[in-house]
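A short worksheet on the structure shown next.
Each reported figure results from applying straightforward, stated rules to the coordinates on display, with no laboratory input. Computed from a prediction, not measured in an experiment: that's the story for all the values here. Here the Cβ positions follow ideal geometry from the backbone for every residue, glycine too, while neighbour counts run over all protein chains shown.
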């Protein structure tokens, strides 16, 4: 008789799904950001220096709710102008209450530009459309004391929203 071969079932899932199952995946969306002409808006994912975790950016979404386009400049480690306002974030494992250590912040009406940091991406967001990053899948790592910021500008008045999804480890 032949030898019986037993195999183990192996399932491949995206890391963000695995982190979500562990209660470490978070999502946030800004309120409506109205800016343009001589005012700007920004939103950032900030990792406090004392968080003891890294934030792994899974994706971002830039949504234009207006008839005019806007520009979104992405910065690593820039200091945003104006007062930051917190955004409530949610854990994607719905039966957990584990809060995010990363902070999602915004300001929808500033007159100055971010200071310092490195401009690493520029996106033109067409009217009445959304631009997504695709699956970054944790390739952007926000270590303690650092941040990822989108700075929005337009020559016309526009309304937009920014969303981030990330996991923490």
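Per-structure values
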| quantity | calculated |
| --- | --- |
| Nearest-0.05 FRET efficiency for residue 34 and residue 13, computed from C-beta distance (R0 25 Å) | 0.05 |
| Residue order, fewest to most beta carbons within 10 Å, for 8, 93, 139, 22 | 8, 139, 22, 93 |
| Gyration tensor (alpha-carbon) shape descriptor, the stretch 26-168, a/c threshold 1.5 | prolate |
| For 95, 58, order by how many other beta-carbon atoms lie within 10 Å, fewest first | 95, 58 |
| Footprinting exposure proxy for 6, 44, 123 (fewest neighbouring C-beta atoms within 10 Å first) | 6, 123, 44 |
| Label point distance in nm, residue 169-residue 136, each placed 7 Å from Cα along Cα→Cβ | 1.6 nm |
| Extension gain, residue 95 back to residue 61 (0.36 nm per residue minus Cα-Cα distance, nm) | 9.8 nm |
